[in-house]
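So the structure is just underneath, and the comments pick up after that.
What follows draws every value from the coordinates through simple rules; no lab data is involved. This structure is a prediction, so every number in the text was calculated from the model and none was measured. Glycine gets a Cβ as well: all are built from the backbone with ideal geometry, and neighbour counts include every protein chain shown.
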Number of protein chains: 4
Amino acid sequence: MASSFGKMFNVTTFGESHGKELGVVVEGVPAGLGVSETDISFELKFRKTGNYLVSGRREDDLPKIVSGTFNGKTTGAPLTIIFENVDAISSLYGEVSHKPRPGHADLAYIKRYGLENWDYRGGGRASARETISRVAAGAVAKKLLMLFPTYVAGYLKGIGPKQTSGDVEAGDIQESKKYQTRSLDSSTDREFTELILDAMKKGDSYGGLVEAVAINPPEGLGEPVFDKLKADLAKAILSIPAVTGFEYGLGFDASRMKGSDASDEICLKADRSLGLKKNLSGGMLGGISTGETLRIRCSFKPTSSIRIPSRTIDLSNMQPTEISVTGRHDPVVAVRGVSVVEAMIAIVLADHSMRSGKIPVVKLEKEQSELIERRWKEYIARCS
Amino acid sequence: MASSFGKMFNVTTFGESHGKELGVVVEGVPAGLGVSETDISFELKFRKTGNYLVSGRREDDLPKIVSGTFNGKTTGAPLTIIFENVDAISSLYGEVSHKPRPGHADLAYIKRYGLENWDYRGGGRASARETISRVAAGAVAKKLLMLFPTYVAGYLKGIGPKQTSGDVEAGDIQESKKYQTRSLDSSTDREFTELILDAMKKGDSYGGLVEAVAINPPEGLGEPVFDKLKADLAKAILSIPAVTGFEYGLGFDASRMKGSDASDEICLKADRSLGLKKNLSGGMLGGISTGETLRIRCSFKPTSSIRIPSRTIDLSNMQPTEISVTGRHDPVVAVRGVSVVEAMIAIVLADHSMRSGKIPVVKLEKEQSELIERRWKEYIARCS
Amino acid sequence: MASSFGKMFNVTTFGESHGKELGVVVEGVPAGLGVSETDISFELKFRKTGNYLVSGRREDDLPKIVSGTFNGKTTGAPLTIIFENVDAISSLYGEVSHKPRPGHADLAYIKRYGLENWDYRGGGRASARETISRVAAGAVAKKLLMLFPTYVAGYLKGIGPKQTSGDVEAGDIQESKKYQTRSLDSSTDREFTELILDAMKKGDSYGGLVEAVAINPPEGLGEPVFDKLKADLAKAILSIPAVTGFEYGLGFDASRMKGSDASDEICLKADRSLGLKKNLSGGMLGGISTGETLRIRCSFKPTSSIRIPSRTIDLSNMQPTEISVTGRHDPVVAVRGVSVVEAMIAIVLADHSMRSGKIPVVKLEKEQSELIERRWKEYIARCS
Amino acid sequence: MASSFGKMFNVTTFGESHGKELGVVVEGVPAGLGVSETDISFELKFRKTGNYLVSGRREDDLPKIVSGTFNGKTTGAPLTIIFENVDAISSLYGEVSHKPRPGHADLAYIKRYGLENWDYRGGGRASARETISRVAAGAVAKKLLMLFPTYVAGYLKGIGPKQTSGDVEAGDIQESKKYQTRSLDSSTDREFTELILDAMKKGDSYGGLVEAVAINPPEGLGEPVFDKLKADLAKAILSIPAVTGFEYGLGFDASRMKGSDASDEICLKADRSLGLKKNLSGGMLGGISTGETLRIRCSFKPTSSIRIPSRTIDLSNMQPTEISVTGRHDPVVAVRGVSVVEAMIAIVLADHSMRSGKIPVVKLEKEQSELIERRWKEYIARCS
């Protein structure tokens, strides 16, 4: 496998859905950053299971920092955050052990690692439970980005038949933290909720569309020609379970446009720096950030685990059969996906900021450390 | 910058649009692979400039292998392929040196590397001229993939207002090598040609949509959780200049679907191996290849270099001004983009095949070497 | 920091001397390898503190596998092994917090990470306590190497004034597991013991020389020109705390020799394969393993923590002062260093075996898995 | 193979002894550094063949910069430097094609890559000719280090029976550039010369010992726990052909010492910063640079190519035979090895300086650029 991501801000996740513990080692955090279990819990809350729209599995998701800090601040040593699995019910997966679930990673894991080595319990390593480690590391990345300050925020733009349209102001996107469906207003929240409840009732699921921004990103991030910012963002986002597409700026629409319509005037901004009139290119040109708002969208496929039976093969006798996936699953993974998308964007930005010398790679100055702490507190207050 | 891509099959490109030479070092090619300048030229032909639909720049694009082979076969040493720039006319870029072109990398390079260090000639390092190195390396990757054999093929699915629809059989896609617009039939080729000529006449440009497949890919490729095959493909594709979006399988459509509609039955194939009825997931589950056809799509934005004037800032006096980009440019970069997309897919597949032990990492057996040579000849015959 | 090592068999360690937990994530272990906490404990025993020759700190060193196995075998997922710190007495380090200890990493950490971010408790991240993670990962690597089988073994060749001489048969080196000083016979063990006890009494310490071999290594390992096997071994060994030098084969003696004396005849071995008469080059030519026994030596400096006072600066008032390091320390770190040297060699060999396709990178066949298990049991029986 | 070295200042070499061209891609050089072919030639001169003490092969060694600079300064794009092979006489190697030379990489390459894929001409990829690329990249690294300024210098401390002793002041080591044997005074130069001429006459060769320093290195370089500065230096040095050992500071002597003798007082330096009285640890503690002079030593084995016949196997009939290596070879590779050792140290320091934020990773400020240029000119003047 390949469980590490990032060159300077480097994240290694470990753990399976039903293993003893999951966690993440974040290597490369500069010394002097305040990191507490509370900081991490704040971000985890938005990914958390337990409300009635998402999987019934009840996990405390309590982060335990076991290395990398001293007196509440990072020391430069690898920062390790660990979670215990407390509510894994492997008995729910007896049938799965010989009936690969359509749409799941099951078939692919069996082909790659062998049926005899397959940890089928709750999806094993392929489970979205792994994303808890990403959100934890993302919290650290988000906090580091307070240096600029860059704010990463996402929202759920659509679910199955209900897609919202129109451009959303970047500044409004942080509102999504207020709604359980991660939508941007109460009427959409209500509509999404109804769709989700309806899917649950029918034993079905929906796909979803997530849009995310990074407000006030550092300019000049991205390393041509292969580690362009758009390329590393695409990789980060596509590494998330269930994501099937990525676009930035005009995205796929650009393929249907004329150059004269897609053109975006270079202008002087109020502070006399160079900017773009419309920011049609999602904050990046030549794969390098321009300093304008970064904007990406990604699609999540419908949860593959549905109660409505689907056809598969029973590996114990190699005969066609059906499986109705019970277990405990989100009917729309995209809801919790919003947090994971935010986390991955934050990780990419923290990494590239360090790669480009915009965030100190070894240690923060005391003033930087304090500035970050202050802005983080404001951010928490604003999003609570 | 970051000019290397791939963990085991590793590609490092160098060179600028108007520099002396461009080239690529391919590290990790197993010993015993026949590689000739003719092999590479075959693939380069489909990326080549010079016909009336693409940039007027006349480059021979003659590959010179300067290291890594002995008696026509690789030795395990880094394979280096070099191209001379012969038709760079830097004088066309005098105006650009102080007027960053909207939509181009100019502004971003200036912000990142400084105006004083900016090689504005022909786009410098950001020029799509760099993709010649990718196509050359891609030729080597494609040849290695003959071991299975896996065939990578792409076509131009749409240009601006003219988008073709409907599912295309993977096997038909290699037909695109017969049409100058890389479309799949002569009537579409005609329509695309008209659009391109029209754009040229008006000094405008169009975006385009490219679809590509890998037929008969090895199963079990992809390393969770970060180096999933879908993630590395996304990165590879988004690292291409002008690409603004990536999707695979159902892609963005999945976000609007129900789980019961997106479900894809697991079945037994004719050879009694496990397969998928409809291959809705584009050949990958859990980010790992299932052995079914890989299928991706990506969007190219319209060429930013257009004669129709766009507004920018004159850096010599920091005043608003206009620029009408003359130089020599493709009106639809997606046409030549097809070759680059194919190359990047082939590179990712060769890399992951080596990472997963499907292609020998040190040396090919004699029979493998000969098998590859035979299939390569057939492939060339079929596509010529 | 940089806490990862290895390209395919990849080890990430985390944790500080007095942190809550230490551990290691081993990424890249093929699926199907039996790994138990007992396996790991077996190797840890030889690094263990607690007998009267080494540090008085009493740690259970109980490995806890929290991810990566299912039914006692690896699944391909990252293997995580965790240790709790139970006997850290940070109060012993009050004085150290403002008096950097000569010869220690203290001064360098302060310069790099800042005094305010320095975890001075027990040496923090720089403590040799971190090597427990290396030995744990090394146990996994050693087990994988049973596939050939390759055996890695080391011994203590000299301590301070007492240096043994003469060539030691590779096969005899595993005897060192029988002696508490990791020497090769009881008389040397006695002499070393006396020296160590004497050093303890005087509050002083000694350096030591370790020699190690890998018996029956795979041939053809090592990737020119930078990842030569000798280069990666050198890095691995020099990454161990207190190591000050590395040599292989003739080592430094070669600098004083004539070519005609250093020449080593190429001959046919009993099995008609090509070999070397004398193996003067320590099992490597051109940085690639020849299949002959690998042989390296490395020097450990004397433990810097000594009771005899040394002069330093009191950072609280920037005045010269003295420090007499109490804490609990080994008088000769090289004794326990033998295990760490073995572990690092095993990790390098496992990594390069995977990089060169000699060990399957994704999963072991059932027969391979069983063969390994059988040989591992024999190895444990022989070394117990 | 693995032909890349360095994380931020990244060097990829390519080319074989008798291939068309050799070269190096240096990725990661910040924009704004003046780099000319003259700069590179200056360093190459000290590695050059052609005087009567070294190989008779006559190569111009003219560097050609083909990418990465604009108006004489780097742009951030990969810097590529190419050399043509003009005096390769492959006909001298007919016998070698089936008689692997003892002590050479021949046997190992045959085992790894297969006899049928072996480029035996002049040692192919294993030839020390490859080191020209390292010295070229090292010149760029050395120039970057003028920012501090750090000076890297080495000398030949001993040849076979003639070993000089005593500590040499770091400042005196740059004198070695004045002597053809890279020794430090004319009498040693004479003695070394006699030994070399004697070896040539007898068709024999000698090993050699090289010592090198980095004067005024940045403090705080090195990333625990695996990328310690001592570890990366060891890897860099052991990656050089013919090097058999590495040590720093007290090196192997430390293994025979008492802690109280090896202890090194921490003191206040004239500028009130913290330093070490004796710098016994070669400029590194805990694997991190202290700011004191870095000092390493390494051993080169005697050239394996000797006229005195050695026994090998004739692969055409698998019978024992003899080979007397004619070709054109240095009788003491360590002489030219000095330049390569310097280059590799400079590369490691440039890389770690960038990794630790001591050298800007994206672009130099104008004043930095000019300061470097000024100091470089002084350095050249002093060493000419």
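Per q in 0.14, 0.17, 0.22, 0.24 1/Å, what log10 I(q)/I(0) does a Debye calculation on the alpha-carbon atoms of region C:177-237 return?
At q = 0.14, 0.17, 0.22, 0.24 Å⁻¹ the computed log10 ratios are -0.64, -0.75, -0.92, -1.01.
Which value at 222 nm does chain B reach when only helices count, each DSSP H run of 4 or more adding -39,500 (n - 2.57), with the total divided by all residues and rounded to the nearest 500 deg cm²/dmol? Display every interim value, and only then the final one.
On the way: 8 runs with 102 residues, N = 384.
Only helices count here, giving -8500 deg cm²/dmol.
When the expected Rg is taken as 2.2 N^0.38 Å, what fraction or multiple of it is the alpha-carbon Rg of the protein assembly as shown?
After normalising by residue count via 2.2 N^0.38 Å, the value is 0.88.
Okay, which of region A:50-79 sit inside 13 Å, backbone N to the point 7 Å along the Cα-Cβ direction of A:Thr38?
A:72
Rounding to the nearest 10 and keeping the result within 0 to 90°, find how far the Cα-based axis of helix D:131-144 lies from the longest principal axis of chain D.
Its long axis makes an angle of about 10 degrees.
Take the alpha-carbon centre of region C:1-80, take the same for region A:55-110, and report the distance between them in whole Å.
Comparing the Cα centres of region C:1-80 and region A:55-110, I get a distance of 19 Å.
If we hang a label 7 Å off Cα along the beta carbon direction at C:Ser91, how far is it from the matching labels on the other copies, in nm, shortest first?
Values, ascending and in nm: 4.8, 8.5, 8.5.
Taking the label point 7 Å from Cα in the Cβ direction, how far apart in nm is A:Lys202 from each other copy of itself, listed shortest first?
Nearest first, the other copies' label points are 4.3, 8.5, 9.2 nm away.
Based on the Kirkwood radius over alpha-carbon pairs, what is the Stokes-Einstein translational diffusion coefficient of region A:225-296 at 37 °C with 0.692 mPa s viscosity, in µm²/s?
On the way: Rh = 13.4 Å.
Stokes-Einstein gives a translational diffusion coefficient of 246 µm²/s.
Note down the relative contact order for region A:195-305 as a percent, whole number, built from C-alpha pairs under 8 angstrom at least six residues apart.
Values: 182 pairs, mean separation 48.4, N = 111.
Over region A:195-305, the number comes to 44 percent.
Counting only C-alpha contacts under 8 Å and six or more residues apart, can you give the relative contact order of region C:277-325 as a whole percent?
24
Which order, highest average first, do D:176-184, C:287-295 follow once you tally other Cβ atoms within 10 Å for each residue and take the mean per peptide? Mind dumping the intermediate values first?
Values: D:176-184: 21.6, C:287-295: 25.6.
With the highest mean Cβ count within 10 Å placed first, the list reads C:287-295, D:176-184.
List, in the order given, every pair from C:Lys235/D:Lys277; B:Lys177/B:Lys358; D:Lys7/D:Lys301; A:Lys228/A:Lys258 whose Cα-Cα distance in the structure shown is over 26 Å.
On the way: C:Lys235/D:Lys277 28 Å; B:Lys177/B:Lys358 28 Å; D:Lys7/D:Lys301 29 Å; A:Lys228/A:Lys258 24 Å.
Correct reply: C:Lys235/D:Lys277; B:Lys177/B:Lys358; D:Lys7/D:Lys301.
Over the Cα atoms, compute the radius of gyration (one decimal) and Dmax (the largest Cα-Cα distance, rounded to a whole number) for region B:91-185, in Å.
19.0, 51
Of all alpha-carbon pairs in chain A, indicate the percentage at a distance above 26 angstrom. List each step's numbers first, then the result.
Working: 39071 of 73536 pairs.
Every Cα pair in chain A considered, those over 26 Å come to 53 percent.
Only Cα pairs under 8 Å and at least 6 apart count here; give the relative contact order of region A:230-384 as a rounded whole percent.
Working: 157 pairs, mean separation 31.3, N = 155.
Relative contact order, region A:230-384: 20 percent.
How well do other chains shield peptide A:21-28, expressed as the mean number of their Cβ atoms within 10 Å of each residue Cβ? Walk me through the numbers on the way to the answer.
Details: counts 7, 3, 8, 1, 11, 1, 7, 4.
Across A:21-28, the average partner-chain Cβ count within 10 Å equals 5.
Between chain A and chain D, with a rotation axis joining them, whose C-beta in A is nearest that axis, and what is the whole-Å distance?
Closest to the axis: A:Gly357, 3.
Under a GNM of chain B (C-alpha, springs under 10 Å), which listed residue has the highest mean-square fluctuation: B:His104, B:His352, B:His18?
The residue with the greatest mean-square fluctuation here is B:His104.
Can you figure out the FRET efficiency of C:Leu115 with C:Glu370, using R₀ = 45 Å and their beta-carbon distance, to the nearest 0.05?
Step by step, r from the Cβ atoms, then E = 0.25.
If the chain between C:Ser186 and C:Lys64 were fully stretched, how many nm would it gain, using 0.36 nm times the residue separation less the Cα-Cα distance?
On the way: separation 122, 0.36 × 122 = 43.92 nm, distance 3.46 nm.
40.5 nm is the gain from fully extending C:Ser186 to C:Lys64.
Give me the angle, in degrees from 0 to 90, between the Cα long axis of helix A:366-383 and the longest principal axis of the Cα atoms of chain A, rounded to the nearest 10.
It is inclined by approximately 60 degrees.
Normalise the Cα radius of gyration of region C:188-278 by 2.2 N^0.38 Å (N = residues in it) and let me know the number.
On the way: Rg = 18.6 Å, N = 91, 2.2 N^0.38 = 12.2 Å.
Relative to the 2.2 N^0.38 Å estimate, region C:188-278 comes out at 1.52.
Report, as a whole number in µm² per second, the diffusion coefficient that Stokes-Einstein gives for region B:297-352 at 10 °C and 1.306 mPa s using the Kirkwood radius over alpha carbon pairs.
113
Report, ordered by chain and residue number, the aspartates and glutamates lying within cross-link reach of A:Lys366, taken as a straight Cα distance under 12 Å and ignoring same-chain residues fewer than 8 apart.
C:Glu116
Quick one: with label points 7 Å out along Cα→Cβ, list the inter-copy distances for B:Arg190 in nm, shortest first?
5.6, 9.3, 10.3
Which distance in nm do the two modelled labels at C:Ser165 and B:Ser97 give, with both placed 7 Å along the Cα-to-Cβ direction?
The two pseudo-label positions are separated by 7.2 nm.
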